[in-house]
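The numbers here are math on the coordinates, done by the rules we state, and not lab data. Given the structure is predicted, the values throughout are model-derived calculations rather than measurements. Backbone-built Cβ (ideal geometry, glycine too); neighbour counts: all protein chains shown.
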């Protein structure tokens with residue numbers, strides 16, 4: 001009898017601890033002078049904060065909040081005023097998957113102070129010299145799952161005229177693109193590219209072709225890997241009814257953890273393009289570039 005009592009007590013204590021550590025929402029993105037009220041205490045809201053059902057949000061004018069529910073559903077909140085977390089939870093449609101929460105936690109962990117410290121210790125302080133006038137935001141070799149690649153480069157030492165050359169493994173030129181922007185979109189389904197398993201990307205100064213980057217290779221996933229990623233992606237996006245900047249942000253975390261950096265780059269840039277006023281997405285994108293040695297610390 002005593003053993004049963006002790007076992008029951010342990011279960012209750014463990015259950016109480018788990019419950020006390022639970023949350024209703026986590027804050028993934030935060031713009032504006034937003035606050036959280038817990039009981040009688042009001043304090044500034046921070047990215048990464050956990051919100052419980054009895055908390056209240058005080059949202060400022062022209063604000064943006066990106067929230068992920070414990071069910072895995074996401075919510076973008078832009079309405080100024082006071083919002084009870086319990087009422088926001090009721091607005092989140094049922095269903096979804098905790099997979100989204102997993103990748104939300106992944107993104108948050110990389111944006112944390114500890115994540116930045118690890119990035120700095122890994123990359124060190126490196127200055128780009130004049131011999132490297134254009135820096136393409138791609139690893140030397142990257143695999144890609146999607147049909148689109150948004151490719152950008154840092155061009156602080158070059159006038160705004162560029163030529164992007166896309167070749168195959170036999171060094172045959174498949175496509176040349178001239179642009180005044182510091183980025184292009186590559187359609188992997190284009191008939192000139194669709195049959196190639198590997199594409200070599202080179203960016204050069206439009207006024208001086210000798211000033212150019214080393215080629216960056218983008219390799220399509222094998223059929224088996226494509227199926228595997230698709231299954232995971234379907235689980236992640238289950239129940240997602242609309243495309244939002246926040247969903248793209250979580251998608252970037254999914255692709256990074258699966259080492260699909262070209263896809264992660266595209267997802268980050270799509271999130272920024274959809275919500276250019278939200279600094280959280282820009283800061284996370286920059287940290288992503290540093291973390292994966294595509295942008296070097298000064």
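Computed quantities for the displayed model
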| quantity | calculated |
| --- | --- |
| Footprinting exposure proxy for 26, 43, 78 (fewest neighbouring C-beta atoms within 10 Å first) | 43, 78, 26 |
| Neighbour-count ranking [beta-carbon atoms within 10 angstrom, fewest first] of 83, 69 | 83, 69 |
| Paramagnetic reach from residue 156 (point 7 Å along Cα→Cβ, amide N under 19 Å) across segment 257-298 | 282-298 |
| Normalised alpha carbon radius of gyration of segment 164-207 [divisor 2.2 N^0.38 Å] | 1.15 |
| Potential lengthening between residue 148 and residue 283 on full extension [0.36 nm per residue; Cα-Cα distance subtracted] | 46.3 nm |
| Per-residue Cβ neighbour rank within 10 angstrom, fewest leading, 213, 179 | 179, 213 |
| Coordinate range along principal axes, alpha carbons of segment 135-220, Å, largest first | 33, 22, 20 |
| Segment residue 40-residue 198, extension gain: residue separation times 0.36 nm, minus the distance between their alpha carbons | 51.0 nm |
| Extension gain (nm, one decimal) between residue 50 and residue 23, 0.36 nm per residue minus Cα-Cα | 9.1 nm |
